[in-house]
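Each value in this text was obtained by applying a stated rule to the coordinates, not by laboratory testing. Just so you know, these numbers come straight off a predicted model, no measurement behind them. Cβ atoms come from the backbone with ideal geometry, glycine included; neighbour counts cover every protein chain shown.
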Ligand SMILES: Cc1cc2nc3c(=O)[nH]c(=O)nc-3n(C[C@H](O)[C@H](O)[C@H](O)COP(=O)(O)OP(=O)(O)OC[C@H]3O[C@@H](n4cnc5c(N)ncnc54)[C@H](O)[C@@H]3O)c2cc1C
């Protein structure tokens with residue numbers, strides 16, 4: 001049984017159902033469709049792994065590298081949107097150039113080659129992108145755009161054809177262990193019995209883990225990433241999406257980007273406003289969850305983060321960028337000076353990321369995998385989680401298989417266009 005019909009839970013169900021068609025697999029999702037939350041509310045980029053430290057974010061980087069090729073192949077096969085449209089990462093000062101040099105090295109170590117990524121001077125960039133102001137830039141050719149909602153829905157269809165049961169509109173409200181089985185209560189009163197549970201609950205995965213006694217030393221903090229839709233008159237301002245070097249990469253505060261989505265529309269975002277629920281899109285949900293979440297944070301490692309002066313300053317900055325549109329747009333105006341905040345009037349769809357904090361008050365950079373004999377928990381599955389969801393799911397199944405669980409030795413099955421064993425080989429290289 002898998003809790004969570006995001007891109008991760010759905011992809012895990014697909015590979016599991018492909019490898020073992022006789023096993024009964026259910027995905028429980030509280031929303032009316034898969035990818036309703038973060039998986040369908042992101043920037044839609046299929047990321048080249050140049051932003052990820054190969055030592056600290058090894059699993060994310062590997063999964064992103066292979067995930068790119070897999071989504072490209074899958075989208076072609078199912079006739080779904082995918083564009084290899086690249087991204088430009090700009091440095092606005094000398095310090096930023098040093099960071100770009102580091103990103104170039106990380107990108108190469110994570111598998112990119114000279115035709116995928118290169119450093120360009122601002123004079124060189126000006127020839128193709130005259131509106132962008134910067135000191136230097138990384139031109140990343142192997143970066144793409146897609147619609148992860150559509151991809152997830154298609155993977156769900158494939159998984160259902162293999163026999164997976166998707167229980168939508170079904171919220172898990174209680175999990176208990178009785179006689180070596182999980183007894184899972186849903187909000188409509190139904191009870192599900194399961195031998196094994198995979199927790200792919202995204203922003204709620206930490207609460208689910210805590211409920212069954214896992215990862216008690218960790219906690220999470222939720223950040224809402226907001227977007228602004230850019231009017232048509234700016235549609236041709238750049239050919240490529242533009243990111244700027246994040247000033248505080250150890251925190252989950254990204255500087256908003258200039259985004260060209262797969263359908264050609266443009267947006268600015270996301271910021272990272274602290275909220276009190278993984279579903280804290282609006283005031284009423286945040287007011288409801290404020291007291292319990294604050295109490296949880298103050299009695300955990302998050303307390304140290306909250307007390308940290310720099311963290312507090314960054315939080316204030318992000319809250320200001322939520323209240324004031326021009327504050328957010330001005331962050332992009334630094335490298336695209338011709339945009340004018342007054343002409344931007346429509347908000348985009350916000351998505352929430354949940355970052356894990358350890359007992360020392362530090363944000364954990366990589367994904368966290370925890371398990372006991374009857375459950376497996378994927379925590380801190382953040383960006384570029386959508387890019388890497390397919391190979392990462394295969395990796396999780398390999399972990400389970402090595403523990404003698406769910407699949408008896410990973411078979412060399414053909415799952416859609418991929419040979420399962422070859423995905424694993426690539427993840428292990
Ligand atoms: C603003 C933003 C921009 C991003 N941009 C990108 C990008 O451009 N490229 C990229 O690769 N990644 C991006 N990411 C990261 C990526 O979107 C996530 O890593 C990925 O979507 C996580 O998928 P998931 O399946 O783990 O979580 P989710 O999509 O959140 O799915 C978890 C599901 O579990 C369900 N659930 C939880 N608890 C219960 C319960 N008790 N009962 C029933 N159901 C439950 C939820 O309803 C939810 O649907 C971005 C993230 C954010 C926030």
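Miscellaneous remarks
- Unit Cα scatterers, Debye sum, region 300-399: log10 I(q)/I(0) for q = 0.15, 0.21 Å⁻¹: -0.89, -1.14
- C-alpha long axis of helix 389-402 to longest principal axis of the chain, angle in °: 30
- P(r) histogram, all alpha-carbon pairs of region 382-429 included - 5 Å bins from 0, percent: 5, 21, 29, 26, 13, 6, 0
- Intensity falloff of region 63-127 expressed as log10 I(q)/I(0), Debye formula with alpha-carbon point scatterers, at q = 0.15, 0.16 Å⁻¹: -0.62, -0.69
- As computed over region 136-233, the Cα convex hull volume per residue (Å³): 232
- Approximate spin-label separation residue 372-residue 233, in nm, with each point projected 7 Å along Cα-to-Cβ: 6.1
- Pairwise Cα distances in region 27-80 exceed 17 Å for 56 percent of all pairs.
- Extension gain for residue 211 to residue 313 (0.36 nm times residue separation, less C-alpha to C-alpha distance): 33.4 nm.
- Principal-axis analysis of the Cα atoms of the chain puts helix 148-161 at an angle of about 20° to the longest axis.
- Separation of the residue 195 and residue 334 label points, Cα + 7 Å toward Cβ, nm: 5.5
- Relative contact order for the chain, counting Cα pairs under 8 Å that sit 6 or more residues apart, in percent: 23
- Folded to 0 to 90 degrees: helix 283-298 orientation relative to the chain principal axis, Cα: 80
- With all pairs of separate Cα atoms included, the chain yields a Kirkwood hydrodynamic radius of 22.2 Å.
- The helix-based estimate of mean residue ellipticity at 222 nm for the chain, built from -39,500 (n - 2.57) per DSSP H run of four or more residues and divided by its residue count, is -10500 deg cm²/dmol to the nearest 500.
- Legend: calculated FRET efficiency, residue 80 to residue 414, from the Cβ-Cβ distance at R0 = 25 Å, rounded to 0.05, equals 0.80.
- Centroid-to-centroid separation of region 310-369 and region 151-199 [C-alpha atoms, Å]: 34
- Here the chain carries DSSP beta bridges of which approximately 80% are antiparallel, counting only pairs with both residues inside.
- Taking 18 Å as the cut-off, the amide N atoms of region 333-347 that come nearer than this to a point 7 Å along the Cα-to-beta-carbon line of residue 122 belong to 333-339.
- For region 94-145, the relative contact order is 40 percent, taking Cα pairs closer than 8 Å that sit 6 or more residues apart in sequence and dividing their mean separation by the residue count.
- Applying 0.36 nm per residue to the separation of residue 247 and residue 294 and subtracting their alpha-carbon distance, the gain on full extension is 14.2 nm.
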